[in-house]
Structures are given as structure tokens and as C-alpha cells.
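Asker: The structure is given below, and queries will be raised subsequently.
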Number of protein chains: 2
Amino acid sequence: MSKSNREPTTDWREARRRSAREAIVGAAWDLVHEEGLAALSLRDLAGRAGITTPTVYAYFDSKNAIYDAMFGRAATEFADWMTQPQEAAEPTAVLVSHARRFVEFCTSDVARYQLLFQRTIPNFEPSAESYEPAVRALDTARAYLALAEVTQPKHLDLWTALINGLVDQQVSNDPGGERWTRLLEEAVAMFLAHARTAPAVQGPRSKPRDRGARR
Amino acid sequence: MSKSNREPTTDWREARRRSAREAIVGAAWDLVHEEGLAALSLRDLAGRAGITTPTVYAYFDSKNAIYDAMFGRAATEFADWMTQPQEAAEPTAVLVSHARRFVEFCTSDVARYQLLFQRTIPNFEPSAESYEPAVRALDTARAYLALAEVTQPKHLDLWTALINGLVDQQVSNDPGGERWTRLLEEAVAMFLAHARTAPAVQGPRSKPRDRGARR
DNA sequence: GTCTATAGCTGGATAGAC
DNA sequence: GTCTATCCAGCTATAGAC
């Protein structure tokens, strides 16, 4: 950051350093894919990366810093994957495709899903920079929903709950299967039938409705 | 089990033994509520229970056996809570109340939710006996859905995904708040509007539809 | 930057006296 | 059954030579 380019050599070194960091993060993901997210240890990581434990500390301040770098890579993959251009044009098809991408992203790598979307590592919270790409992806969902005439914030929340609920049940109760993910198109249809017909904004009505009709 | 009542003293001892086990499990839950589910250690547990580590092994074979006992207690609480008699009679109201109970159960104790419904403890899987009460609760949901004329198995799956998705988003992204749980009644209405009008069974149609309409 | 060596700690689990 | 004492394995992290 500070004292950036007094010499051009600085860039080489920075590049090599970043490359080495990336290699360590890659080894960390390899290990986690085989042993599970919670089974990451610096010993194993160093062995996998062909270095020793102290060398790891030459690139990362702590174990949580490694988790953060892993989170950052996963978040970037997520944003890239979710913002790829859509083939379909019709809003419903776009939403189905978008949700399908999310499902595939999550179910194809459960450890990545756990790190990104569940808070399962004790004492770890992603830094703001690592988190930023995930926000971008959520903006895409918001835009696609708007194309389908779904604009209320609460409906974006309902959307994320619905799609994420399918994924969560899938990975928790039928890992590797499709018991819940096959319901995705039906779920999107259900959601759109509801959100499209809902009143655009909670108007200045005195009460939402009479209580008898709700219960 | 075997050699049960050769002496009446046996019952006393069994009762005291079970009582001591329950006390340890209670201390384990206290500790987990304060430190987090993954932070359970036998040292801390023994200290909390006023005993020493070896004594814990007089009642449980391993740490996972303690998790299993914790799981069993949580599953029983869950079944008791979810099968309490309903005040409402109208099917929709019953379903809303049932789902509300689920949400309250989960959000009121996140550690319990994690142990029961997410697989976050490595190398731990609940025994069949500990798991049994949870199945009973799911049967209740099935029955309530049937009262609302929702009988297809896939709709039970969609139901669990939807309600659990709300809970998951709530505890993951807005712990202590109500950003997602407040959408529960709307979610139930959305679900019923869909599941009630859906054809009862996937008929012997040749193709779901022409492909152009889908994408 | 990378290594050897190790500190310092915490974990689950056990031996053996009482 | 309960204790004291301890084992042994694993972990993160650091010191210091090169």
C-alpha cells in the first residue's frame, strides 16, 4: 500500500508473493475438500503446500487470515459464477437459471457453501473486502427479480430464504442427491405467482386487513 | 436392561445414575449456550458440573456420547414443543401456528438448532434412538398439511425447505432480529396458494410442456 | 524467506489409589 | 464412583540459525 513503486522490482516481488499466497490458499482448499472445513490444520496445510509451518506465517498472520483468504476466493468464484451472462431473455427463465446456478454452486462444493453461507468456524468472520463480491451477486439477484416485476425488499428476502432453504435441506438431509433441488422450478413458479400479484407497496391503509381473514 | 430387578436397590441406583447423567447433560447445554456448540470440552464440562474429567467417563463412553445425549434431549424438547395441542382449528391457522412454533424453537436457541438440524460437529451422527422424536414431529407437520389438503410428498419437502430457509437466513444473517421470521405468514400463504391448487398427482401427460415455453 | 526446533497450550482419554 | 496425576496427541505460533 504505502511506498508503492520506488523500484520496479517491487512489482515482481509483490507478484511473486501474491502467487505464493494463492498457492497456499489453493492447497488449503484441496485439503478442506478432502478432510472437511473444520479439519484444516496448519501442519497439514504446510505439508500439502510443500513448505513448513513457519513459512505459512510468512504469508498469513494467523489461521483465520487463511480462512479469510479462502473466503475471498470463494466469494469471487461466487460472484463470477452468478453474474455470467444469461442466455435466456424471458424474466422467469432468467430467474430459474439464476437460482439453478446458485444451487449448482452450493451443492457442487459443500465445504465452500459452509464457509460462505453458514457460520460454522468459531471466531472467524470474513473481512469486509472478502465479503464484497458476495454483495455484488446479491445485487444481480435483485436486478433479475426487478425484471420479473418483483421489487419489494421483503420479496428479495423471501426469495433468498426459499432458494437457500432448498439448498440447505439438500446438503443437510440428502447430500449428493436431488430430493430438494429438483423442486427448484416449482419453487420459482410458486414464488413468482405470489410476488407478482402482491400489492406493489404497503399502502397507507389503516390496517393490513381484518384479522378474521388472516387466521 | 439385563438382570433388571433382582433387588429393588437396582432401581434406586439406576435412577440415581440417570439423574447424574441428566445433570451432566444439563451442564453441557449450559456451557454450549455460553461458549458455542463447538467449544464443548470435557475439562470445562467437568468443571461446570462440579466433578472431574474421569468422572464424566463413568457416565459417558466418549465425547460424542455426550453430544448424542444432548441431541436426545433436544429432540425430545422439539417433539414436545411441536406436538402441543393447537388452539386454532382452521387448517391455515394451524399451519401458521405450527410453523411459528418451529421458528421460535430454532431462533430461541441457535446452538440447539445447529446440533439438531445442521451437521456441524465433525464425526458425530445421532443414534437412531436420539433421532426418533424428531421424526414424530415431522409426522405432525405431515398431518397438519393433510388437513390443509396438501398431501403430495414433494410438497412436504417444499414446506420444510421454505420454513427452514426462513430460519436459516434469520439465524445466519440477522441473529436476534426478525427480518426473515416476520415473513412467515406471507410465506405460508404463498405456499398454500400454490400447493392447494397444484394437481394432485403428476398425470400421465406425455411431456411437461413444450420446451419453448419454459426457457 | 525458509528452515529446524520447540515453546506453550488444550484436547480426549486412562491408570491406579481410595 | 470419585479422585489425583498423567499420558499422548494435536494444535497455533514463535525463536533463531541460515
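Where a number appears in this text, it was derived from the coordinates with a stated rule and is not lab data. If you're wondering where the values come from, they're calculated on a predicted model, not measured in any experiment. Please note: Cβ atoms are built from the backbone with ideal geometry, for glycine as well, and neighbour counts cover all protein chains shown.
Asker: Taking the 0 to 90 degree range and rounding to the nearest ten, how far is the long axis of helix A:91-107 tilted relative to the main principal axis of chain A, both from C-alpha atoms?
Answerer: Roughly 40 degrees between the two axes.
Asker: Separate question: For every other residue with a beta carbon closer than 14 angstrom to the beta carbon of A:H33, add +1 if it is Lys or Arg and -1 if Asp or Glu, then tell me the sum.
Answerer: Local charge sum for A:H33: -3.
Asker: Continuing with the same structure: Quick check: convex hull over the Cα atoms of the protein assembly as shown, volume per residue in Å³, rounded to an integer?
Answerer: That works out to 225 Å³ per residue.
Asker: While we're on this one: Can you give me the angle between helix B:184-197 and the longest principal axis of chain B, using Cα atoms only, in degrees from 0 to 90, rounded to the nearest 10?
Answerer: 50 degrees
Asker: Another question, then. Could you give, in nm with one decimal, how far B:E125 is from each other copy of that position, shortest first, with labels 7 Å out from Cα toward Cβ?
Answerer: In nanometres, ordered from closest: 3.5.
Asker: What shape does segment B:48-127 have by the C-alpha gyration tensor, where a ≥ b ≥ c are the square roots of the eigenvalues, rounded means a/c under 1.5, and otherwise prolate means a/b greater than b/c and oblate the rest?
Answerer: In terms of gyration-tensor shape, prolate.
Asker: Residue by residue through B:88-94, how many Cβ atoms from other chains fall within 10 Å of the Cβ on average?
Answerer: 1
Asker: Mind pulling the angle between the C-alpha long axis of helix B:63-82 and the longest principal axis of chain B? Nearest 10 degrees, somewhere in 0 to 90.
Answerer: On a 0 to 90 degree scale, this one is about 50.
Asker: Going 7 Å from Cα along the Cα-Cβ axis for the label, what nanometre distances separate A:L138 from the same residue across the other copies?
Answerer: So the distances to the same position in the other copies read 3.1 nm.
Asker: Can you give the charge dipole size of segment A:1-113 about its Cα centre, rounded to the nearest 20 debye, using +1 on the beta carbon of Lys and Arg and -1 on the beta carbon of Asp and Glu?
Answerer: Roughly 520 debye for segment A:1-113.
Asker: Hey, for B:A88 with labels 7 Å out along Cα-Cβ, what do the inter-copy distances come to in nm, ordered shortest first?
Answerer: 3.3
Asker: Also: Only four residue types carry charge here, +1 at the Cβ of Lys and Arg and -1 at the Cβ of Asp and Glu. Report the dipole size of segment A:85-207 about the Cα centre in Debye, rounded to the nearest 20.
Answerer: Around 460 debye, computed over segment A:85-207.
Asker: Counting only helical runs of four or more DSSP H residues, what would the 222 nm mean residue ellipticity of the protein assembly as shown come to if each run contributes -39,500 (n - 2.57) and the total is spread over all its residues?
Answerer: Result for the protein assembly as shown, helices only: -22000 deg cm²/dmol.
Asker: If you don't mind, there's one more thing I want to ask. Compute for segment A:6-51: radius of gyration divided by Kirkwood radius, i.e. Rg/Rh, restricted to C-alpha atoms, rounded to two decimals.
Answerer: That ratio is 1.18, to two decimals.
Asker: Could you work out the relative contact order of segment B:25-142, using alpha carbon pairs under 8 angstrom and six or more residues apart, expressed as a whole percent?
Answerer: 32 percent
Asker: By Cβ position, which chain B residue lies least far from the axis that rotates chain B onto chain A, and what is the distance to the nearest whole angstrom?
Answerer: B:G165, 1
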